[in-house]
Amino acid sequence: MKQKKKKTSYAPETHLIYGKSFTPKWDYSHHLIPPLSSSSTYRMDSTRRGAKGFIEFAHHVDGIDVKSKAPIYIYDRLGEPNKEMLEENLAAAEEGDCAVTFATGMASISALCGVLVGSGQEIVAHKMLYGCTYSLFKNWYPRYRIKVHWVDFNDAKALERAITPQTRLLYFETPVNPTMELIDIANVVDIAQRHNKQRKELNRIYTAVDNTFASPFCQRPLTLGIDFVVQSLTKGLCGFGTDMGGVVIGPQWSYDQLLMYRKDFGGVLAPKSAWPILVYGLPSLAVRYRQYIQSAQRVAEFLEKDRRISMVSYPGLDTFPQKALARAQMIDFDGKFAPGCLLYFIMKGKTPVERKKKADKLVNFIAKHSYTMTLAVSLGTIRTLIEHPASMTHAAIPPEEQLKRGVDPGGIRLSIGLEKAEDIIQDLKTALNTR
Ligand SMILES: *Cc1c(COP(=O)(O)O)cnc(C)c1O
């Protein structure tokens, strides 16, 4: 296991409110809240300052930070104070060296792969990924002659077999969307490390986890030896459903490359989107997730008792098949078990067609009549969201394939928000009881 970063005497949730408090990123020391900065370009008082700014951008050579104490901002696409303050706090939340934000989660995933993997090289990915990541790997990377091998990451032998001398990246999500199956992060790290012992630095295999489903409150893969974490800020980190964003968190050496990539490919996070995540999303992360988890546990236990439901998958349930792994891997800043805000359940029915009909009916009733649940994709927001993966988020996968990959036509995904758990349960009861 990687050495934990040295901690200050303050808890992570406290840091997520104040960040570095008086950051050199911007002099706003007479404000309580960092002002929303909005300026596409920056005034220089001399060409000398301009020249210095260009030299310093993305130039942290071999651990020597050539940046002056206060950064010289040049142009928003290169950097600006709101997202740099957010990046400091995101790196702290994930216990990583540094973070670079992007316009969306997908922009951060394509940037990470763009920095690590080139033409003729390969990615090994878990067989089930977020739909757009799947499409990126499947529909676009063949054009760049990047090959993607799809395997079950819980099958160590299959994972071993998929690794070739060209492999650059092992990429996965845990919990897996939508089934909530977990992947043992430490096992994947072990396999990569074993291969890396016999490889030159240039051919090193990197590991990356999309940590969007758990959020850094419930799981910090970098502390288990993972090289990179990506997050869609759009979900639990923003938390209020107002803005889109993405981030890559990783080792210090990757910082300049990610900045250069962002500068040239251009997918920057707008300061107007960075600000609410910095000011509302991160400071409320811990208190929101503690409440989400408490309610999700109650809703999961309620659903598990209902005779019209055949299976409930929530890492906090006693019946969860990977209970031991969940308790070891999904832990909050205090080391407490933190099974997250998402749960998945399947309607009872003899045939896939019958199950699909029942799921459709329940979700459509909720969409029209439930006060506490909204039919919508996304997750981790203060409002409870419900969706039907087989016809929505996972519709790109043909029906026969869906079942093989564990997406049941009768499956329903819930992301629990901040409503009273009793109210969500009451609305679920009403929907289940309506024939
Ligand atoms: C939403 C999501 C993404 C993509 O993020 P965007 O901000 O929508 O681009 C990637 N991975 C997972 C697991 C997600 O839920």
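The values are calculated or read from the model by the stated rules, or taken from the named source; none is laboratory data. Everything numeric here is computed off the predicted structure, so don't read it as measured data. Cβ sites come from the backbone with ideal geometry, for glycine too, and all protein chains shown count toward neighbours. Just so you know, the surface numbers come from the protein's heavy atoms only, side chains and all, with ligands and any DNA or RNA stripped out. Shrake-Rupley method; radii C 1.70, N 1.55, O 1.52, S 1.80 Å.
A few points about this structure:
- Across segment 308-328, the number of residues qualifying as part of a helix (DSSP H, G or I) and either touching a strand residue (DSSP E or B) at 6+ places or on another chain (Cβ under 8 Å) or under 25 Å from Lys358 (Cβ atoms) (or both) comes to 2.
- For segment 382-390, the count of residues that are small (Gly, Ala, Ser), in a loop (DSSP other than H, G, I, E, B) and open to solvent by less than 60 Å² (accessible area, probe 1.4 Å) is nonzero.
The rows are residues; the columns are (1) in contact (Cβ under 8 Å) with a residue 24 or more places away in the chain; (2) in the same structural domain as Phe54 (by TED's automatic domain parsing); (3) away from the ligand (no atom under 16 Å from the Cβ).
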| residue | (1), (2), (3) |
| --- | --- |
| Thr234 | yes, yes, no |
| Leu237 | yes, yes, no |
| Val248 | yes, yes, no |
| Tyr255 | yes, yes, yes |
| Pro276 | yes, yes, no |
| Arg290 | yes, no, yes |
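- Looking across segment 145-183 at every residue that is open to solvent by 60 Å² or more (accessible area, probe 1.4 Å) and assigned to a strand (DSSP E or B), the one that is nearest to the ligand (Cβ to nearest atom) is identified as Trp150.
- Verdict on Leu129 being open to solvent by less than 10 Å² (accessible area, probe 1.4 Å) and either in a loop (DSSP other than H, G, I, E, B) or under 30 Å from Gly53 (Cα atoms) (or both): yes
- Residue match in segment 105-121 (condition: modelled with pLDDT under 95, open to solvent by 10 Å² or more (accessible area, probe 1.4 Å) and assigned to a loop (DSSP other than H, G, I, E, B)): no
- Within segment 339-372, the residues that satisfy the criterion of being closer than 26 Å to Leu182 by Cβ and in contact with a Lys or Arg (Cβ under 8 Å, 6 or more places away or on another chain) are Leu342, Leu343, Tyr344, Ile346, Met347, Lys348, Arg355.
- Within segment 281-302, considering residues that are out of contact with any Gly (no Cβ under 7 Å at 6 or more places or on another chain) and open to solvent by 10 Å² or more (accessible area, probe 1.4 Å), the one nearest to Leu32 (Cα to Cα): Pro283
- Of the residues making up segment 371-381, those that are surrounded by fewer than 23 Cβ atoms within 10 Å (Cβ to Cβ) and not polar (S, T, N, Q) are Tyr371, Leu375, Ala376, Val377.
Here is a yes/no grid of residues against (1) at pLDDT below 95; (2) within 16 Å of the ligand (Cβ to nearest atom); (3) small (Gly, Ala, Ser); (4) assigned to a helix (DSSP H, G or I):
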{"site": "Gly79", "(1), (2), (3), (4)": "yes, no, yes, no"}
{"site": "Glu84", "(1), (2), (3), (4)": "yes, no, no, yes"}
{"site": "Gly96", "(1), (2), (3), (4)": "no, no, yes, no"}
{"site": "Thr101", "(1), (2), (3), (4)": "no, yes, no, no"}
{"site": "Ser135", "(1), (2), (3), (4)": "yes, yes, yes, yes"}
{"site": "Pro142", "(1), (2), (3), (4)": "no, no, no, yes"}
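Okay, residues lined up against (1) open to solvent by less than 60 Å² (accessible area, probe 1.4 Å); (2) in the same structural domain as Ala421 (by TED's automatic domain parsing); (3) modelled with pLDDT under 90:
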{"position": "Pro352", "(1), (2), (3)": "yes, yes, no"}
{"position": "Lys356", "(1), (2), (3)": "no, yes, no"}
{"position": "Ile366", "(1), (2), (3)": "yes, yes, no"}
{"position": "His394", "(1), (2), (3)": "yes, yes, yes"}
{"position": "Lys404", "(1), (2), (3)": "no, yes, yes"}
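- Selection status of Gly335, small (Gly, Ala, Ser), loosely packed, with under 15 Cβ neighbours inside 10 Å and not in a helix (DSSP H, G or I): yes
- When residues of segment 346-381 are limited to those that are touching a residue at least 24 places away in the same chain (Cβ under 8 Å) and assigned to a strand (DSSP E or B), the one nearest to the ligand (Cβ to nearest atom): Met373
- Of all positions in segment 319-335, none carries a residue that is touching a Ser or Thr at 6+ places or on another chain (Cβ under 8 Å), of a type in the set (Val, Ile, Thr) and not assigned by TED's automatic domain parsing to the domain that holds Thr101.
- Applying the set (1) in a loop (DSSP other than H, G, I, E, B); (2) open to solvent by less than 70 Å² (accessible area, probe 1.4 Å); (3) in contact (Cβ under 8 Å) with a residue 40 or more places away in the chain to Ile425 leaves exactly one unmet item: (1).
- Of the residues examined, Gln219 is not one that is away from the ligand (no atom under 15 Å from the Cβ) and either under 30 Å from Met347 (Cα atoms) or out of contact with any Phe, Trp or Tyr (no Cβ under 9 Å at 6 or more places or on another chain) (or both).
- Screening Phe240 on (1) assigned to a loop (DSSP other than H, G, I, E, B); (2) hydrophobic (A, V, I, L, M, F, W, C); (3) buried (at least 17 other Cβ atoms within 10 Å of the Cβ) shows it passes everything except condition (3).
- Any hit, segment 203-214, residues being open to solvent by 30 Å² or more (accessible area, probe 1.4 Å) and not assigned by TED's automatic domain parsing to the domain that holds Arg413: yes
- Flag if Val230 is touching a Ser or Thr at 6+ places or on another chain (Cβ under 7 Å) and surrounded by 24 or more Cβ atoms within 10 Å (Cβ to Cβ): yes
- Segment 247-258, residues that are under 16 Å from Val230 (Cβ atoms) and crowded, with 16+ Cβ neighbours inside 10 Å: Val247, Val248, Ile249, Gly250, Ser254, Tyr255, Gln257, Leu258
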